[in-house]
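The values are calculated or read from the model by the stated rules, or taken from the named source; none is laboratory data. Computed from a predicted model, the values in this text were never measured in an experiment. All Cβ positions, glycine included, derive from the backbone under ideal geometry; neighbour counts span all protein chains shown. Accessible surface areas use protein heavy atoms only, side chains included; no ligands, DNA or RNA. Shrake-Rupley method; radii C 1.70, N 1.55, O 1.52, S 1.80 Å.
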Amino acid sequence: MENALILIVEDEPQIARILCSYLEREGYRTVTAQDGEVALIHHQSLKPDLVLLDVGLPKRDGFSVLADLRARGMTPVIMTTARAEDLDKLSALRIGADDYVVKPFNPLEVVARVKAVLRRSAGAGADQSLIRFGALQLDTLSYTAAVLNDAATIPLDLTLTEYRLLSHMLRAPRRVFDRAELVDACLPEGNALERTVDSHISNLRRKLDRAGMTGLCVVVRGVGYRLAAS
């Protein structure tokens, strides 16, 4: 992936500079964050193609950041850490890291791993563009949704916000999403209120019901919403 954007999350400035230099030499664009909170903000706003994520970070550690990234989607993540314990590696891979590098590392090795992970993610791109949950299918390339059954394919006429809400929840089926998170993830353009989500979800549920997906979007009282198998 030429010109891919790499988010480097590293609290040691010298290491961050070295990684930026080596990656930019290979034609990648880079952006840095020195703590976990800034990393999540950059990820949300900049949509990087890959994240190099240190474990030992201020404010939010790497494992916590990784869990949030996986709740949002499947951006490739390579963890970097000074700790070589197998438990840390297993924890990172269990949460969803694509690879793991132990410090001190050779920057050339990191670049090679970045290339390998980007190649794998690009190769899986066609499959990842389709998100399936029961009879429901979303195409993330065309921003369309449909219900597939034995008789016919029923397209869903969704607004962009309704599509964003459904897509966001489908990336972590059955997880409960609170209203504040849905506002941040799916209504970023303005100063939307949490109750605005209720209106969009209500419209989305009505369209799903008409297409035969009754009960897919479930209200979790006092929290928010989750998806349930139909």
Got the relative contact order for the range 163-217 handy, in percent, Cα pairs under 8 Å and 6 or more residues apart? 25
Rotationally averaged projected area of the range 128-225 (alpha carbon convex hull; nm²): 6.2
Candidates Leu19, Leu90, Leu69; GNM for the chain (alpha-carbon contacts under 10 Å) flags as most fluctuating Leu90
Using a 1.4 Å probe, what is the accessible area per residue for the range 36-179, in Å²? 49
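Give me the percent of accessible area attributable to carbon and sulfur for the range 1-100, probe 1.4 angstrom.
On the way: 2410 of 4780 Å².
Summing carbon and sulfur atoms, their accessible area is 50 percent of the total for the range 1-100.
For the chain, which span is the longest to avoid every loop-located (per DSSP) member of trypsin sites (Lys or Arg not before Pro) having at most 13 other Cβ atoms inside 10 Å? Don't skip to the end; give the middle numbers.
On the way: sites that count: Arg83, Arg174, Arg175, Arg221.
It runs 84-173.
With contacts defined as alpha carbon pairs under 8 Å and 6 or more residues apart, what's the relative contact order of the range 3-120 in percent?
Working: 200 pairs, mean separation 27.6, N = 118.
Relative contact order of the range 3-120: 23 percent.
Relative contact order for the range 1-67: what percent, with Cα pairs under 8 Å and sequence separation of 6 or more? Mind showing how you got there, number by number?
On the way: 111 pairs, mean separation 26.7, N = 67.
With pairs under 8 Å counted, the relative contact order is 40 percent.
Given only helices, namely DSSP H runs of n ≥ 4 each adding -39500 (n - 2.57), what is the per-residue ellipticity at 222 nm of the chain, to the nearest 500 deg cm²/dmol?
Details: 9 runs with 102 residues, N = 230.
Calculated from helices alone, the mean residue ellipticity at 222 nm is -13500 deg cm²/dmol.
Find the lysine pairs in the chain meeting two conditions, Cα atoms under 23 Å apart and a separation of 8 or more places or different chains, and report how many there are.
7
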Say we join alpha carbon atoms closer than 10 Å with springs in a Gaussian network model of the chain; which of Pro13, Pro76, Pro48 then has the biggest fluctuation? Pro13
Which whole-percent values make up P(r) of the range 3-120 when all C-alpha to C-alpha distances are grouped in 5 Å steps starting at zero? 2, 12, 26, 28, 22, 9, 1
Quick one: angle between helix 62-72 and the longest Cα principal axis of the chain, in degrees between 0 and 90, rounded to 10, please. 30
Name the most mobile residue of Val220, Val31, Val55, meaning the one with the largest mean-square fluctuation, in a Gaussian network model of the chain with Cα contacts below 10 Å. Val220
Karplus ³J(HN,Hα) for the range 73-80 (6.51 cos²θ - 1.76 cosθ + 1.60, θ = phi - 60°; Hz, whole; x = Gly/Pro) runs x, 10, 4, x, 10, 10, 7, 10
Rounded to 10°, Cα long-axis angle of helix 86-95 versus longest principal axis of the chain: 30
Per residue, how big is the convex hull around the C-alpha atoms of the chain? Give it to me in cubic angstrom, could you? 138
